[in-house]
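Structure first, commentary second.
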Amino acid sequence: MARDNANDTMAKAFGNPLILDSTFTKLDLPDLKTSRLVCRDWNDVGVTVLAKRAFLQVNKLFSCNFDEVPPVADALMRCLLISDKFDPSIRSKKEEIQVITKSLTQVSELTREIKLVAAQKEFIPAFLEGIRTLGSTKVQRVDIISDKLYKIPAEACRKLPPQPSLTSLGVNLLPKGLPPRTSSYQQEFLVKILLEAAPNLTTLDVAASLYPNLEGCKSLKVLKFECMAHLMDYRRNRNLAKLTDMLAHVKDSLIELELNIWESTEKMKSVTGGPVMSKLTTLSIHPTDANEILDFFDEDHFPKLKTLRVHDIGGDSSFLSFLNLWRRHSGVQSLALTMNSFEGWEDMEFGEKIVDLFPTVKEFKLALEDIHFTAIPAVSNIIEPFKTWDLEGVSVHVDGVTQTSVLVDVLKAMSGLKGVKSARFSDTYVNESNFSPHVQDLILRSREYQRVEISGRVVPEIVKRFQLIFEASGAPIHFTGGVANGFGAQQINYRALCNLLNGF
């Protein structure tokens, strides 16, 4: 009887939509897909959760018989992906183009996101024609991605129907490899008609060889902008005055801005001054030589700036050149630095420069990527000036560690800073024989941290063994992998392997 009551209670619990929703949210996608098959109640809740986390490859629904489309749960139409993955019966390019246009007929009242991966030059015109056929929709986000520069026919760039619900737009048209040798004018037409169709746009992510006209984007809050010049019209596209003009259109609405202007061998002409970004609180920037806007990076032009993130800091002089563009800003409270080299930094004393420019930092985040870890001891010298900050929070993230001494050195170096500290080591790949002798050092150094995470390759028996050691010590080390044995001279570059597998 007691067992029956317990089973009834369990059945009721797992029939509760709120409990199911919370449970399904914690599952990864493969488990979520299979769990939906248990019963109808689980399917109904699972479909809703799945629809929020995964894209339906809608063009795979169409076979060569275009009138026959298999039934799909309405909720799964929330996020649609259109790519070059077709039903095997679709064999000709003409049929593929038909499928692209037909795919958009599946947009429903529930569809909120559409992503187009334009693997062929005909995909974008077909996609735009499908949008025109649809008219206005309730779609909130559209992404168009292409790693090739296609010539888009002028007739394909006709005006689109207004999309008042479209608040987020992503356009990534940067090719792989070297800058292309064709003009970017046609890209401009594409971006232009997309912007004109979205009067209520709040988020724009553009990676292309152009400076979009944002004059009509009166509600834009978030702008992520990456620009690479074409060889054919380099001088036109590398005019920094175009950048400041672009920002002037959204100076009183932007809250968050990310800039990445690709540098080149040809020196860009600097410009002086820029708009006052009256509401901007977060600036993310890549410190290339293409950021030479004088008398702009200061408290007068960014009066409400609270968070500054600087990415891709290398061993050249571009970061110091970038710092020299700044004047003292007492409003920056959160500073994040992503570094991929330490070479030469010990002599440049950029730490003192940072503290002088941003004296009131309360939160400091440091990420180390693609570092030659023989230079890790330099961290102590680099961050020494940061000890003068009255920090409240400190976090460090190191990727791809292969020596346990690096873990210890980083923990030791960062421990001298004020504030609550956390550390995360991802894609770790250390030999067990190298890791074991340093376990006590890790435990000792971790005690000054609120949390230390070590992850990477998972060898279950090794993970379990060290988890027990760390738990017994009371150290705040959360160990989920990163230690293996027996690879020696045959050591695999774990990070490179992960990147390779992610490409499939």
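Annotation: amide H of I313 within the under-5 Å range of T338, M339, N340, sequence separation 5 or more or interchain, hydrogens built in the peptide plane. Summarising the amide proton neighbourhood of H397: residues at separation of 5 or more, or on other chains, whose placed amide H is nearer than 5 Å comprise L366, A367, L368, R424.
Listed by chain and number, the lysines whose C-alpha is less than 17 Å from the C-alpha of K412, apart from same-chain residues fewer than 8 away, are K365, K387, K421.
Placing a label point 7 Å from the Cα of E256 along the Cα-to-Cβ line, the residues of region 282-312 whose backbone N sits under 14 Å from it are 282-285, 306-309.
Between S165 and K148, residue separation times 0.36 nm minus the direct Cα-Cα distance comes to 3.2 nm. Would you mind counting up the charge near P385? Only other residues with Cβ under 10 Å from its Cβ, with Lys and Arg at +1 and Asp and Glu at -1. Overall, the nearby charge balance is -2.
We did not get these values from a lab; they are worked out from the coordinates using the rules stated. Fair warning: this is a prediction, and the values are worked out from it, not measured in the lab. FYI the Cβ positions are ideal-geometry reconstructions off the backbone, even for glycines, and counts take in every protein chain you see.
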